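Down below is the structure, laid out as C-alpha coordinates.
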Amino acid sequence: MVATLLAPPRDELVLPAGDGLLFVDAANGEVVTGGLRCRLVQRRDGRLLGVARSTPGGAHHWPDLADRWRTAPAAPVQADVVVSDELQRFLPLSLPWPLPAAPAGQVVAGTLLQGQRLLRVNLLSAPGRPAPPGLASVYGLLAWQLDGAPAAWARVSYLTGDGRVVDGATDADGRLALHLPRPRPDRPGSPPGPAAQLRVFADRALAAASAALAAPDVLAFAAQPEVSALADVGAATAYAPPAFITGEPLILASLGLPPAQRELRLVPI
(Lines give C-alpha, C1' and ligand atoms only; values in the text may rest on other atoms or scores of the structure.)
Protein backbone atom coordinates (compact mmCIF):
# COMPACT_ATOMS: atom_id res chain seq x y z
CA MET A 1 0.00 0.00 0.00
CA VAL A 2 1.23 3.47 -0.87
CA ALA A 3 0.35 6.18 1.61
CA THR A 4 -0.97 9.40 0.14
CA LEU A 5 -0.38 12.64 1.96
CA LEU A 6 -3.23 15.07 1.65
CA ALA A 7 -2.59 18.77 2.03
CA PRO A 8 -4.71 20.40 4.74
CA PRO A 9 -7.54 22.57 3.45
CA ARG A 10 -6.60 26.21 2.91
CA ASP A 11 -8.46 29.01 4.62
CA GLU A 12 -9.37 31.96 2.45
CA LEU A 13 -9.42 35.39 4.00
CA VAL A 14 -10.79 38.37 2.09
CA LEU A 15 -9.42 41.70 3.26
CA PRO A 16 -10.94 45.08 2.39
CA ALA A 17 -8.45 46.37 -0.17
CA GLY A 18 -10.74 49.06 -1.56
CA ASP A 19 -10.61 50.46 -5.08
CA GLY A 20 -7.51 49.74 -7.13
CA LEU A 21 -5.73 50.70 -10.33
CA LEU A 22 -4.37 48.66 -13.21
CA PHE A 23 -1.97 50.40 -15.58
CA VAL A 24 -1.70 49.75 -19.31
CA ASP A 25 1.04 50.83 -21.71
CA ALA A 26 -0.81 52.95 -24.29
CA ALA A 27 1.84 52.14 -26.91
CA ASN A 28 1.35 48.38 -27.01
CA GLY A 29 -1.65 47.61 -24.79
CA GLU A 30 0.35 45.54 -22.31
CA VAL A 31 -0.31 45.66 -18.56
CA VAL A 32 2.56 47.31 -16.68
CA THR A 33 3.48 45.03 -13.78
CA GLY A 34 6.58 46.67 -12.34
CA GLY A 35 8.47 49.90 -11.80
CA LEU A 36 5.50 52.08 -10.85
CA ARG A 37 4.95 53.98 -7.59
CA CYS A 38 1.49 55.16 -6.52
CA ARG A 39 1.36 57.59 -3.61
CA LEU A 40 -1.86 58.76 -1.98
CA VAL A 41 -1.37 62.39 -0.92
CA GLN A 42 -3.79 64.46 1.13
CA ARG A 43 -4.87 67.46 -0.90
CA ARG A 44 -5.17 69.88 2.01
CA ASP A 45 -1.57 69.73 3.25
CA GLY A 46 0.33 67.32 1.01
CA ARG A 47 0.65 64.69 3.74
CA LEU A 48 1.49 61.19 2.52
CA LEU A 49 -1.38 58.85 3.37
CA GLY A 50 0.07 55.69 1.93
CA VAL A 51 1.95 53.99 -0.89
CA ALA A 52 0.06 51.38 -2.88
CA ARG A 53 0.95 47.72 -2.89
CA SER A 54 1.16 45.92 -6.22
CA THR A 55 -0.05 42.41 -6.94
CA PRO A 56 1.90 40.10 -9.30
CA GLY A 57 -0.69 40.91 -11.96
CA GLY A 58 -0.04 44.66 -11.69
CA ALA A 59 -3.06 45.80 -9.62
CA HIS A 60 -2.23 48.64 -7.22
CA HIS A 61 -4.27 48.98 -4.05
CA TRP A 62 -4.12 50.29 -0.47
CA PRO A 63 -5.04 47.45 1.94
CA ASP A 64 -3.73 49.38 4.97
CA LEU A 65 -5.64 52.59 4.29
CA ALA A 66 -7.69 53.90 7.21
CA ASP A 67 -11.43 53.26 6.94
CA ARG A 68 -12.28 56.96 6.85
CA TRP A 69 -10.46 57.23 3.51
CA ARG A 70 -12.49 54.43 1.97
CA THR A 71 -15.27 56.76 0.93
CA ALA A 72 -17.87 56.36 -1.77
CA PRO A 73 -17.03 57.61 -5.28
CA ALA A 74 -19.55 60.45 -4.85
CA ALA A 75 -17.70 61.88 -1.84
CA PRO A 76 -15.79 65.18 -2.20
CA VAL A 77 -12.21 64.90 -3.42
CA GLN A 78 -9.91 64.68 -0.40
CA ALA A 79 -6.62 63.47 -1.84
CA ASP A 80 -4.72 62.65 -5.02
CA VAL A 81 -3.10 59.48 -6.29
CA VAL A 82 0.27 60.45 -7.77
CA VAL A 83 1.65 57.88 -10.21
CA SER A 84 5.31 57.92 -11.25
CA ASP A 85 7.54 55.48 -13.09
CA GLU A 86 10.84 54.72 -11.41
CA LEU A 87 12.15 53.42 -14.76
CA GLN A 88 11.20 56.68 -16.54
CA ARG A 89 9.27 54.92 -19.31
CA PHE A 90 5.99 56.78 -18.72
CA LEU A 91 4.83 60.29 -17.94
CA PRO A 92 3.57 60.95 -14.40
CA LEU A 93 -0.10 61.57 -13.71
CA SER A 94 -2.46 62.14 -10.82
CA LEU A 95 -6.01 61.02 -10.12
CA PRO A 96 -8.47 62.45 -7.62
CA TRP A 97 -9.31 60.33 -4.59
CA PRO A 98 -11.97 58.98 -4.34
CA LEU A 99 -11.30 57.65 -7.81
CA PRO A 100 -13.54 58.83 -10.66
CA ALA A 101 -16.89 57.08 -10.74
CA ALA A 102 -16.93 56.93 -14.54
CA PRO A 103 -14.26 56.58 -17.24
CA ALA A 104 -12.57 59.87 -18.11
CA GLY A 105 -9.40 60.81 -19.93
CA GLN A 106 -6.80 58.10 -19.51
CA VAL A 107 -9.08 56.18 -17.11
CA VAL A 108 -11.01 53.52 -18.99
CA ALA A 109 -13.70 51.10 -17.89
CA GLY A 110 -12.66 48.78 -15.11
CA THR A 111 -14.02 45.71 -13.39
CA LEU A 112 -16.27 45.51 -10.35
CA LEU A 113 -15.67 42.77 -7.78
CA GLN A 114 -17.46 42.54 -4.44
CA GLY A 115 -18.30 46.23 -4.55
CA GLN A 116 -14.70 47.26 -5.25
CA ARG A 117 -13.50 48.74 -8.55
CA LEU A 118 -10.33 48.09 -10.49
CA LEU A 119 -9.92 50.96 -12.94
CA ARG A 120 -7.66 50.66 -15.97
CA VAL A 121 -5.43 53.66 -16.61
CA ASN A 122 -3.45 54.26 -19.80
CA LEU A 123 0.16 55.37 -19.36
CA LEU A 124 1.68 57.61 -22.03
CA SER A 125 5.33 57.42 -23.07
CA ALA A 126 7.92 59.73 -21.53
CA PRO A 127 10.18 61.66 -23.94
CA GLY A 128 13.31 59.65 -23.15
CA ARG A 129 11.72 56.24 -23.64
CA PRO A 130 13.25 54.12 -26.42
CA ALA A 131 10.78 52.79 -28.96
CA PRO A 132 9.33 49.42 -27.92
CA PRO A 133 10.19 46.58 -30.32
CA GLY A 134 8.28 46.73 -33.59
CA LEU A 135 7.00 50.29 -33.15
CA ALA A 136 7.76 53.54 -34.96
CA SER A 137 8.31 56.81 -33.12
CA VAL A 138 7.09 60.40 -33.36
CA TYR A 139 9.04 63.11 -31.52
CA GLY A 140 8.56 66.82 -31.11
CA LEU A 141 9.02 69.87 -28.94
CA LEU A 142 5.71 71.72 -28.64
CA ALA A 143 5.69 75.42 -27.83
CA TRP A 144 3.29 78.35 -27.89
CA GLN A 145 3.58 80.68 -30.86
CA LEU A 146 2.88 83.77 -28.73
CA ASP A 147 6.04 83.65 -26.63
CA GLY A 148 7.80 80.35 -27.33
CA ALA A 149 6.93 78.93 -23.90
CA PRO A 150 6.78 75.12 -23.78
CA ALA A 151 3.33 73.57 -24.10
CA ALA A 152 3.40 71.52 -20.92
CA TRP A 153 1.20 68.42 -20.59
CA ALA A 154 -0.42 68.89 -24.01
CA ARG A 155 -2.55 65.98 -25.18
CA VAL A 156 -1.69 64.73 -28.65
CA SER A 157 -3.85 62.50 -30.84
CA TYR A 158 -2.22 61.01 -33.94
CA LEU A 159 -4.57 59.48 -36.51
CA THR A 160 -2.73 57.08 -38.78
CA GLY A 161 -3.55 56.66 -42.45
CA ASP A 162 -5.31 53.36 -41.76
CA GLY A 163 -7.61 54.86 -39.14
CA ARG A 164 -5.84 54.01 -35.88
CA VAL A 165 -5.77 56.67 -33.17
CA VAL A 166 -2.62 56.80 -31.01
CA ASP A 167 -2.51 59.02 -27.93
CA GLY A 168 0.50 60.79 -26.48
CA ALA A 169 1.41 63.77 -24.32
CA THR A 170 4.16 66.26 -23.73
CA ASP A 171 6.05 66.50 -20.45
CA ALA A 172 6.46 69.63 -18.32
CA ASP A 173 9.03 70.94 -20.83
CA GLY A 174 6.84 70.40 -23.89
CA ARG A 175 8.71 67.31 -25.12
CA LEU A 176 6.72 64.61 -26.92
CA ALA A 177 7.47 60.97 -27.64
CA LEU A 178 4.73 58.89 -29.22
CA HIS A 179 5.17 55.27 -30.31
CA LEU A 180 2.84 53.53 -32.74
CA PRO A 181 2.68 50.54 -35.08
CA ARG A 182 4.88 50.97 -38.12
CA PRO A 183 2.92 52.34 -41.10
CA ARG A 184 2.20 49.86 -43.87
CA PRO A 185 4.04 50.82 -47.09
CA ASP A 186 1.91 51.59 -50.14
CA ARG A 187 1.85 48.87 -52.75
CA PRO A 188 3.66 49.74 -56.00
CA GLY A 189 1.25 51.19 -58.51
CA SER A 190 -1.55 51.69 -56.00
CA PRO A 191 -2.82 55.17 -55.07
CA PRO A 192 -1.42 56.55 -51.81
CA GLY A 193 -3.51 55.93 -48.73
CA PRO A 194 -5.10 58.65 -46.58
CA ALA A 195 -2.67 61.05 -44.94
CA ALA A 196 -2.07 60.98 -41.22
CA GLN A 197 -3.65 63.68 -39.07
CA LEU A 198 -2.56 65.36 -35.86
CA ARG A 199 -4.76 66.94 -33.19
CA VAL A 200 -3.40 68.79 -30.16
CA PHE A 201 -5.23 69.79 -26.98
CA ALA A 202 -3.51 72.19 -24.60
CA ASP A 203 -4.21 74.66 -21.80
CA ARG A 204 -1.49 76.97 -20.50
CA ALA A 205 -3.10 76.93 -17.04
CA LEU A 206 -2.44 73.21 -16.62
CA ALA A 207 1.29 73.75 -16.10
CA ALA A 208 0.73 75.87 -12.98
CA ALA A 209 -2.04 73.60 -11.70
CA SER A 210 0.26 70.56 -12.00
CA ALA A 211 3.31 72.10 -10.32
CA ALA A 212 2.56 71.02 -6.74
CA LEU A 213 2.35 67.30 -7.61
CA ALA A 214 4.70 67.47 -10.63
CA ALA A 215 1.99 65.55 -12.49
CA PRO A 216 -1.18 66.58 -14.35
CA ASP A 217 -4.61 65.54 -13.14
CA VAL A 218 -6.13 63.12 -15.67
CA LEU A 219 -9.49 64.92 -15.63
CA ALA A 220 -7.97 68.34 -16.33
CA PHE A 221 -5.64 66.75 -18.90
CA ALA A 222 -8.62 65.28 -20.78
CA ALA A 223 -10.62 68.55 -20.64
CA GLN A 224 -8.03 70.73 -22.40
CA PRO A 225 -9.34 72.67 -25.42
CA GLU A 226 -8.16 71.87 -28.91
CA VAL A 227 -5.48 74.16 -30.33
CA SER A 228 -4.01 74.51 -33.80
CA ALA A 229 -0.51 73.39 -34.75
CA LEU A 230 1.11 75.62 -37.37
CA ALA A 231 2.66 74.33 -40.57
CA ASP A 232 4.65 77.59 -40.80
CA VAL A 233 5.20 80.18 -38.06
CA GLY A 234 4.63 82.92 -40.62
CA ALA A 235 1.21 81.71 -41.74
CA ALA A 236 -2.00 80.31 -40.29
CA THR A 237 -1.91 77.04 -42.25
CA ALA A 238 -2.68 74.02 -40.09
CA TYR A 239 0.08 71.46 -39.66
CA ALA A 240 -0.11 68.09 -41.39
CA PRO A 241 2.41 65.45 -40.31
CA PRO A 242 4.72 64.26 -43.11
CA ALA A 243 4.95 60.65 -44.17
CA PHE A 244 7.27 58.28 -42.34
CA ILE A 245 10.60 57.39 -43.86
CA THR A 246 11.35 53.72 -43.30
CA GLY A 247 13.70 53.21 -40.38
CA GLU A 248 13.60 56.83 -39.20
CA PRO A 249 11.56 58.56 -36.48
CA LEU A 250 9.14 61.29 -37.45
CA ILE A 251 9.99 64.75 -36.10
CA LEU A 252 7.14 67.24 -35.76
CA ALA A 253 8.18 70.84 -36.46
CA SER A 254 6.80 74.05 -37.92
CA LEU A 255 8.61 75.71 -40.80
CA GLY A 256 10.11 79.20 -40.53
CA LEU A 257 12.23 78.68 -37.41
CA PRO A 258 16.04 78.56 -37.19
CA PRO A 259 17.50 75.06 -37.76
CA ALA A 260 18.57 74.84 -34.13
CA GLN A 261 15.02 75.60 -33.00
CA ARG A 262 12.92 72.72 -34.26
CA GLU A 263 9.55 73.20 -32.58
CA LEU A 264 5.92 72.62 -33.37
CA ARG A 265 4.23 75.95 -32.62
CA LEU A 266 0.69 76.12 -31.25
CA VAL A 267 -1.99 78.80 -31.32
CA PRO A 268 -5.48 78.85 -29.75
CA ILE A 269 -8.37 78.14 -32.07
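The values are calculated or read from the model by the stated rules, or taken from the named source; none is laboratory data. Since the structure is predicted, the reported quantities are computational estimates derived from the model, not experimental observations. Counting neighbours? That spans all protein chains shown, and the Cβs are built from the backbone with ideal geometry, glycine included. SASA here: full protein model, heavy atoms, side chains in, ligands and nucleic acids out. Shrake-Rupley method; radii C 1.70, N 1.55, O 1.52, S 1.80 Å.
Here are a few things to note about the model shown:
- Base-10 log of normalised Debye intensity for segment 173-218 (one unit scatterer per alpha-carbon) at q = 0.27 Å⁻¹: -1.15
- Using θ = phi - 60° and Karplus 6.51 cos²θ - 1.76 cosθ + 1.60, couplings along segment 207-220 (whole Hz; Gly, Pro as x): 4, 5, 5, 9, 5, 4, 9, 6, 7, x, 6, 5, 6, 5
- The base-10 log of I(q)/I(0) for segment 116-225, evaluated at q = 0.11 Å⁻¹, reads -0.42 [Debye formula, identical scatterers on Cα atoms, solvent excluded].
- On a per residue basis, the convex hull of the C-alpha atoms belonging to segment 23-69 measures out at 96 Å³.
- For segment 37-102: rounded, prolate or oblate by the Cα gyration tensor [a/c cutoff 1.5]: prolate
- With the convex hull drawn around the C-alpha atoms of segment 225-269, the volume per residue stands at 86 Å³.
- The Cβ shell under 9 Å around Ala229 holds other residues with a net charge of +2, Lys and Arg each +1, Asp and Glu each -1.
- Cα convex hull of the chain, projected area averaged across orientations, nm²: 22.0
- Take the chain with all the other protein chains still there, run a 1.4 Å probe, and you get 55 Å² of accessible area per residue.
- Estimated distance in nm for a label pair at Ala211 and Val31, the labels positioned 7 Å out from Cα along Cα-to-Cβ: 3.9
- Across segment 155-269, C-alpha contacts under 8 Å between residues 6 or more apart give a mean separation that, scaled by the residue count, equals a relative contact order of 21 percent.
- Computed in the context of the full set of protein chains, the accessible area of the chain at 1.4 Å probe radius has 58% of its extent on carbon or sulfur.
- Per residue of the chain, the DSSP helices (runs of n ≥ 4 H) give a summed -39500 (n - 2.57) that works out to -500 deg cm²/dmol at 222 nm.
- For Gly50, distant residues with modelled amide H under 5 Å away: Leu40
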